[in-house]
Amino acid sequence: MLFKFFKVKKFERFYIVRPKIFKDDRGFFMETYKQSDFEKFLGNINLVQDNHSKSVFGVLRELHYQLPPKEQEKPVRCIKGKILGIAVDIKKGILIKI
């Protein structure tokens with residue numbers, strides 16, 4: 001498997017996924033998503049869209065609240081720098097720094 005999956009225990013479907021990086025003298029290669037690997041760990045998934053954005057320091061992105069049947073699971077990738085991930089379960093009033 002080319003990915004390591006880490007479950008964030010306080011949320012039902014919140015995971016940290018780390019891809020395997022293959023480096024050589026030319027640079028590096030990594031798979032950012034492979035449905036068969038993700039489904040081995042997460043079960044049946046339907047990744048419909050994958051976006052890429054770049055933000056300057058201090059920008060807040062990906063603040064969403066969605067109700068069924070329009071809810072979405074969101075992959076987030078950091079290619080340089082750091083992410084401060086915060087998840088809020090508004091049903092339980094929980095705030096967790098990831």
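Tell me, please, whether a residue that is at pLDDT 75 or above, surrounded by fewer than 10 Cβ atoms within 10 Å (Cβ to Cβ) and within 16 Å of the chain's Cα centre (by Cα) can be found in the range 27-43. Yes, the range 27-43 contains a residue that is at pLDDT 75 or above, surrounded by fewer than 10 Cβ atoms within 10 Å (Cβ to Cβ) and within 16 Å of the chain's Cα centre (by Cα). In the range 64-84, the residues that are among the acidic types (Asp, Glu) form Cβ pairs under 7 Å with partners that are part of a loop (DSSP other than H, G, I, E, B), at six or more places apart or across chains, as follows: GLU73/ARG13.
Looking at ASP24 and the list (1) touching a residue at least 24 places away in the same chain (Cβ under 8 Å); (2) exposed (fewer than 12 other Cβ atoms within 10 Å of the Cβ), which single condition is not satisfied? In the conditions (1) touching a residue at least 24 places away in the same chain (Cβ under 8 Å); (2) exposed (fewer than 12 other Cβ atoms within 10 Å of the Cβ), ASP24 misses (1) alone.
The values are calculated or read from the model by the stated rules, or taken from the named source; none is laboratory data. Just so it is clear, the model here is predicted, and its values are computed rather than measured. FYI the Cβ positions are ideal-geometry reconstructions off the backbone, even for glycines, and counts take in every protein chain you see.
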